[in-house]
Amino acid sequence: MDLYDEAIKMFRALLDRAMETDLPEPTAMTLATADGRGRPSTRTVLLKGVDERGFVFYTNTRSRKGAQLADNAWAALCVFWQPLKEQVKLEGPVERVTEEEADDYWVTRPRDSQIGAWASDQSAPLESREALLARAASYREQFEGRDVPRPSHWSGYRVLPERIEFWTAGEHRLHHRVCYQKGRDEWTVGLLNP
Ligand SMILES: Cc1cc2nc3c(=O)[nH]c(=O)nc-3n(C[C@H](O)[C@H](O)[C@H](O)COP(=O)(O)O)c2cc1C
């Protein structure tokens, strides 16, 4: 097993442990993107897939994050699982998931969430709450009696990590940090000062 596979395996083991706690959203991660001028912004997204191909989340591709990723296809993710006293952060280029992959995930979503994805012009100014609810009602009516199709602007992104760091709380602030880093030819691993 190479070092990258080892890091992914470690992440999955921690995620499994986090899922066993009573954390309400163990898959919630902070996603950082930056615009073309390098100005960062963050928000929470839910991790919907992780394997050796990378870390997947779903969103509106016309959102602010979507616009930033179109300008600058690079992102960072960070999760802190408080009950485990573990943090993982990773960084790397981002690519869109395939249409097929997005469709496969879309059909698993509750119908109301699908309607919500049509109703919300994510990140754009909203004239009123009533306007949003009216749009949701109108799409509910439009799609009545049939499957809700996936909007073309709703899809997934995959972060392909080039650096993955595991942080474990230690006594007296002497935390344990292990960093896996993609080099020119192969991955390396080493400790970092806390
Ligand atoms: C726990 C939690 C989970 C969230 N999961 C997602 C998600 O998976 N996808 C998404 O687009 N927004 C999600 N959001 C909303 C985002 O944090 C954010 O408000 C939205 O995506 C717009 O971000 P943007 O304007 O920076 O593009 C979540 C928020 C919270 C608090």
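The values are calculated or read from the model by the stated rules, or taken from the named source; none is laboratory data. Here the structure is a predicted model, which is why all the values come from computation and not from measurement. Backbone-built Cβ (ideal geometry, glycine too); neighbour counts: all protein chains shown. Just the protein is used for accessible areas: all its heavy atoms, side chains included, with ligands, DNA and RNA removed. Shrake-Rupley method; radii C 1.70, N 1.55, O 1.52, S 1.80 Å.
Results, tabulated for the structure shown:
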quantity	calculated
First in the range 117-130 and farther than 18 Å from GLN68 by Cβ, second anywhere and open to solvent by less than 80 Å² (accessible area, probe 1.4 Å) and within 12 Å of the ligand (Cβ to nearest atom), Cβ under 6 Å, 6 or more apart	ALA117/TRP154
Of all residues making up the range 29-65, the number that are in contact with a His (Cβ under 8 Å, 6 or more places away or on another chain) and near the ligand (Cβ under 8 Å from one of its atoms)	1
Every residue from the range 67-95 that is in contact with a strand residue (DSSP E or B) (Cβ under 6 Å, 6 or more places away or on another chain) and within 14 Å of the ligand (Cβ to nearest atom)	GLN68, LEU69, ASN72, ALA75, ALA76, LEU77, CYS78, VAL79, PHE80, VAL94
PRO151 vs. criteria in a loop (DSSP other than H, G, I, E, B), touching a strand residue (DSSP E or B) at 6+ places or on another chain (Cβ under 6 Å) and surrounded by 11 or more Cβ atoms within 10 Å (Cβ to Cβ)	no
Segments classed as strands (runs of 3 or more DSSP E), wholly inside the range 1-85, with at least 1 members that are closer than 20 Å to VAL178 by Cα and out of contact with any Pro (no Cβ under 9 Å at 6 or more places or on another chain)	28-34, 49-51, 74-81
Residue list for the range 106-124, filter: among the polar types (S, T, N, Q), within 11 Å of the ligand (Cβ to nearest atom) and surrounded by 15 or more Cβ atoms within 10 Å (Cβ to Cβ)	SER120, GLN122, SER123
